Amino acid sequence: MSAPALPRLGICHAPDGAANLREVFRAARDLCVPVLLVDARVAAAHPDLVALASRILECHVLPATDDPESDPGPVTGLGLAGVTTFHDDELERADALDRLVRGAPAPAVEAPWDKLVQRRVLHAAGLSAVRAAPVESPDDLHRAYAELGGPCVLKPRRAAGGRGIAFLDGPDEVAAHAAARRVWDGMLLETRIPAAPHPAGTPWLGSLVSVETVSAGTRRIHLGVLDKLPVAVGRHEGPEGTDAVNVQGDILPSVLPADLLDRARDLTGRALDALGVRDRVTHTELLLTPSGLEVMEVNGRLAGHTARLFRLVGAPDPVRTALAAALGAEPDAPFEPDGTAAGLFPTFRHRTGTVRTALRPRDLRELPGVQAVDELAGDGDEKAALQYRMTNLTVRADDRPGLDGVITRVLATLTEGFADPAGLPDPVAAAAAPPGPDPTMEHPTCV
Amino acid sequence: MDTKIDDIVRAEWCEVLDVTSPEPGDDFFEIGGNSLLAVSLVERVESRLGVEVALEDFFLDGRLETLVSAARAAAK
């Protein structure tokens, strides 16, 4: 008797998502047939992508359209059981195509990944103190700032990675930014919530934490809570007067006290309920504040850089979990991590100029605890080439003190190798300093 | 013969990943390799040994020892 055919699952794919081709290929084994769906604009921008993907996966190029329900291309004829994605830019396309192939009704909340929609829904549900207003022009900015009061943050309603953000601390900054920015489509202004330091007191822990959750219908299992390195902000160092904002790392599992961990999971679950989230893995960012936890944003896909961290602590592969969730499967029970792991991508503290270094990937790979080096800024590179990142590497240790030692050695090696410290609090100075926000860092914000 | 194959696969692995002391159980994709680098590695091994190594198999199991075994089997 032959085995039953596996369900076919569409995956809207683009480079630099939370799962690469190999992770998808491997995670799908004996679970589903992954069918890669690539927007024609993505295919044109990455000429090798479709050729490479087609060597290992079924792959189709979709019409270049922002209305995939009206022009789905070949999707309806592919026999798909559902459609999902691991890339933030593909969320709306994947959701629309998923509804199309399933014949599913419109979602409970229209445009749930729009940060303005999230702000309004979460505020109305009593889950967030942040207030927000749409901004499409300089006049809108002045009006919204007067309405909300400062300090505020101007940011795109739909974007990941910290692009296009401006911290606006007073009317002078608002006026200066209104004069400098050229692109105004799809922005929002939101009130800025003060951050509280991470209670663990570790020098390189920031005030953001994230919760990865799998939803099967409305049943939710929280896969893990992660600590973060502080968000690095270069004031006015982005284009058109924006601030250059970079996340610098994730650590699994979080060392928040048990009561805060419980509150983080509970708040995340209630935010997902309010947004009507179903059948997917989500990445929710929370801010530690003096009055408790604040939801910063909910992302409708697995977090970037974190799948490997879960695997390194013995967890089920979250890429497979996400594929199973998209097929409506019940999630596995919560797991107990075996060890601790971190993805580190610290930025240069001084962002201008070119990189001067003799550091090679093998110098970092040979440090104890370093598992992988995916990127390393090279001698002569513009610092902006890797979005100001020194490196992108992964470390593991059996326990948190061990991991702290690994991170200390990595940061020291980077500082020496680049003759420029990372955009993090100096560990020695921070350890000796009284607790409180680091004066060299901006308050972390959603990125 | 097997020793020569092992040396070639190890040398290409080290070159592509920029490592010096690979362990047989190292997983190419978990220590910094990506899909494009994997294609490059497999093609380099194929070119030097004059054999064909299944890319799909390497994507499923990215360990050095598995690639060495696949290269040995392909050379027979």
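The values are calculated or read from the model by the stated rules, or taken from the named source; none is laboratory data. Values in this document were obtained by computation on a predicted structure and should not be read as measured data. Virtual Cβ from ideal backbone geometry, glycine too; neighbours counted across all protein chains shown. Only protein heavy atoms, including side chains, enter the accessible area calculation; ligands, DNA and RNA are left aside. Shrake-Rupley method; radii C 1.70, N 1.55, O 1.52, S 1.80 Å.
Quick one: which residue in A:Leu293, A:Leu323 is open to solvent by 20 Å² or more (accessible area, probe 1.4 Å), among the hydrophobic types (A, V, I, L, M, F, W, C), touching a helix residue (DSSP H, G or I) at 6+ places or on another chain (Cβ under 8 Å) and over 27 Å from A:Met390 (Cα atoms)?
Of A:Leu293, A:Leu323, the one residue that is open to solvent by 20 Å² or more (accessible area, probe 1.4 Å), among the hydrophobic types (A, V, I, L, M, F, W, C), touching a helix residue (DSSP H, G or I) at 6+ places or on another chain (Cβ under 8 Å) and over 27 Å from A:Met390 (Cα atoms) is A:Leu293.
Look at region A:377-410 and say how many of its residues are closer than 21 Å to A:Ala307 by Cβ and part of a strand (DSSP E or B).
Result for region A:377-410: 8.
Residue by residue, here is whether (1) in the same structural domain as A:Asp262 (by TED's automatic domain parsing); (2) more than 24 Å from A:Val231 (Cβ to Cβ); (3) at pLDDT below 95 holds:
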position: A:Thr284; (1), (2), (3): yes, no, no
position: A:Leu287; (1), (2), (3): yes, no, no
position: A:Gly300; (1), (2), (3): yes, no, no
position: A:His305; (1), (2), (3): yes, no, yes
position: A:Pro316; (1), (2), (3): yes, yes, yes
position: A:Thr321; (1), (2), (3): yes, yes, no
position: A:Ala326; (1), (2), (3): yes, yes, no
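Within region A:130-170, take every residue that is among the charged types (D, E, K, R) and more than 14 Å from A:Arg181 (Cβ to Cβ) and give me the one that is most open to solvent (accessible area, probe 1.4 Å).
A:Arg143
Working only within region B:7-23, note down all residues that are assigned to a loop (DSSP other than H, G, I, E, B) and either surrounded by fewer than 15 Cβ atoms within 10 Å (Cβ to Cβ) or within 8 Å of chain A (Cβ to nearest Cβ) (or both).
B:Asp18, B:Val19, B:Thr20, B:Ser21, B:Glu23
Would you pick out the residues in region A:132-170 that are of a type in the set (Asp, Glu), more than 10 Å from A:Leu189 (Cβ to Cβ) and assigned to a helix (DSSP H, G or I)?
Once the filter is applied, which keeps residues that are of a type in the set (Asp, Glu), more than 10 Å from A:Leu189 (Cβ to Cβ) and assigned to a helix (DSSP H, G or I), region A:132-170 yields only A:Asp139.
Taking the stated definitions as given, is B:Asp61 closer than 22 Å to A:Leu21 by Cα, surrounded by fewer than 19 Cβ atoms within 10 Å (Cβ to Cβ) and either of a type in the set (Asp, Glu) or within 13 Å of chain A (Cβ to nearest Cβ) (or both)?
yes
Show the residue pairs that are 6+ apart or on different chains and have beta-carbon atoms under 9 Å apart, the first residue being within region A:116-133 and touching a residue at least 40 places away in the same chain (Cβ under 8 Å) and under 18 Å from A:Leu154 (Cβ atoms), the second being surrounded by fewer than 20 Cβ atoms within 10 Å (Cβ to Cβ) and among the hydroxyl-bearing types (Ser, Thr, Tyr).
A:Val130/A:Thr191; A:Arg131/A:Thr191; A:Ala132/A:Thr191
If we keep just the residues of region A:1-44 that are among the small types (Gly, Ala, Ser) and open to solvent by 70 Å² or more (accessible area, probe 1.4 Å), which is nearest to A:Glu92 (Cα to Cα)?
Taking the candidates together, the pick is A:Ala44.
Can you confirm whether region B:24-32 contains a residue that is part of a loop (DSSP other than H, G, I, E, B) and more than 12 Å from every other protein chain (Cβ to nearest Cβ)?
Yes, the conditions are met somewhere in region B:24-32.
List the number of the failed condition for B:Arg44; all other conditions in (1) open to solvent by 20 Å² or more (accessible area, probe 1.4 Å); (2) assigned to a helix (DSSP H, G or I); (3) within 13 Å of chain A (Cβ to nearest Cβ); (4) of a type outside the set (Ser, Thr, Tyr) hold.
Of (1) open to solvent by 20 Å² or more (accessible area, probe 1.4 Å); (2) assigned to a helix (DSSP H, G or I); (3) within 13 Å of chain A (Cβ to nearest Cβ); (4) of a type outside the set (Ser, Thr, Tyr), only one is false for B:Arg44: (3).
Which members of region A:272-283 meet the condition of being assigned to a helix (DSSP H, G or I) and under 17 Å from the mean Cα position of the chain (by Cα)?
A:Leu272
May I ask you to list the residues in region A:2-41 that are more than 11 Å from chain B (Cβ to nearest Cβ), within 20 Å of the chain's Cα centre (by Cα) and not in a loop (DSSP other than H, G, I, E, B)?
Result: A:Ile11, A:Cys12.
A:Ala108: open to solvent by 70 Å² or more (accessible area, probe 1.4 Å) and of a type in the set (A, V, I, L, M), yes or no?
Yes.
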